[in-house]
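Below is one structure; the comments refer to it alone.
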Amino acid sequence: MPALIMYPGIIYGPVKSRRLGQSLGVNLLPVGRKVCSFNCVYCECGDTTELIEQARDEQGRRTTFPTVEQVRTEIAAALQHYPALDAITFAGHGEPSLHPQFPEVVQATREVRDQYQPQAKVGVLTSAALLQRPRPRAGIDLCDLKMMKLDAGDEVTFQQIDRPAANVRLQPIIEELTKMARQEAIIIQTCLIDGPVGTAQNIHGKPWDALVEAIGTIKPIVVHLYPIDRPTPEPWVQKVAHEVVMERAREIAARTGVPVEPYA
Ligand code: SF4
């Protein structure tokens, strides 16, 4: 399956987002290659081309990421070009915290943000798979908005939906998210999917109950709940209907006490 969305450079948007307002997108991933710790069945960027959990690929080669100065220069130019941004968000076609200098990139971004648009929040959309690694974690800690993916509460569903790199397991991620949420505001982002009998899903039965339980354990400040809204690499992935997303949002809130913002 070819990539569905690939960003041609570092800056994209600004994107008008219900979650973030006017948000400038920042893609730290190499041009033309989707580098991620996950290969989610619903990923709008298509199949992951380098499935890794450190900033090296499986052959030990360092992948080609933009330099800190390139990122700083492009964000500074964008901040002067696009007025009144609400957010500068690291996302792109893959996992931003895989950038080997992610803390330095975030620090440089904060500096140009303070210079040109101090009202804008610096945010990250992350798989949360690298939270136990010091440098990805240091970069994430420097962000104002920490949006952490959680699509499953049990290992089987996690492996089926997020299809992580070889050594990535769910339980340590949940434990790390739980510790983090005790100290600061984190946002959980959950994509609800359905599929034919025998395929992965996270809205019924044990996968659903485990997901709700994990959210109740982590206790984030809020859960962003959303269905797919673009073509997916796996054709069997089914979009969850608006009314089902709304109903699941109510159920999470009722069972965990955690506020939920549905984006159905
Ligand atoms: S973590 Fe994000 S970028 Fe990576 S495969 Fe999943 S949806 Fe795509």
Counted residues in the range 140-173 being within 14 Å of the ligand (Cβ to nearest atom), β-branched (Val, Ile, Thr) and surrounded by fewer than 18 Cβ atoms within 10 Å (Cβ to Cβ) come to 0
Going by what's in this entry, would residue 240 be described as closer than 24 Å to residue 146 by Cβ and within 20 Å of the chain's Cα centre (by Cα)? no
Filtered residues of the range 74-104 (kept if at pLDDT below 95, away from the ligand (no atom under 16 Å from the Cβ) and within 22 Å of the chain's Cα centre (by Cα)): 100, 101
Which pairs do you get when a residue that is touching a residue at least 12 places away in the same chain (Cβ under 8 Å), found in the range 84-108, comes within reach of a residue that is of a type in the set (Phe, Trp, Tyr) and within 16 Å of the ligand (Cβ to nearest atom), reach meaning Cβ atoms under 6 angstrom, with the pair 6+ apart or on two chains? 92/7; 93/7; 96/90; 99/65
Please go through (1) at positive phi; (2) within 16 Å of the ligand (Cβ to nearest atom) for residue 219 and return the number of the only condition it doesn't satisfy. (2)
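Of the residues 77, 129, 84, only one is part of a loop (DSSP other than H, G, I, E, B) and over 19 Å from residue 37 (Cα atoms); which? Outline the logic, then answer.
Working: 77 fails: part of a loop (DSSP other than H, G, I, E, B); 129 fails: over 19 Å from residue 37 (Cα atoms).
Exactly one residue qualifies, and that residue is 84.
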Just to be sure, is residue 182 outside any loop (DSSP other than H, G, I, E, B), surrounded by fewer than 18 Cβ atoms within 10 Å (Cβ to Cβ), of a type in the set (D, E, K, R) and out of contact with any helix residue (DSSP H, G or I) (no Cβ under 9 Å at 6 or more places or on another chain)? yes
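The values are calculated or read from the model by the stated rules, or taken from the named source; none is laboratory data. This one's a predicted model, so the numbers in the text were calculated from it and none came from an experiment. Methodologically, a virtual Cβ is constructed for each residue, glycine included, from the backbone with ideal geometry; neighbour enumeration extends over all protein chains shown.
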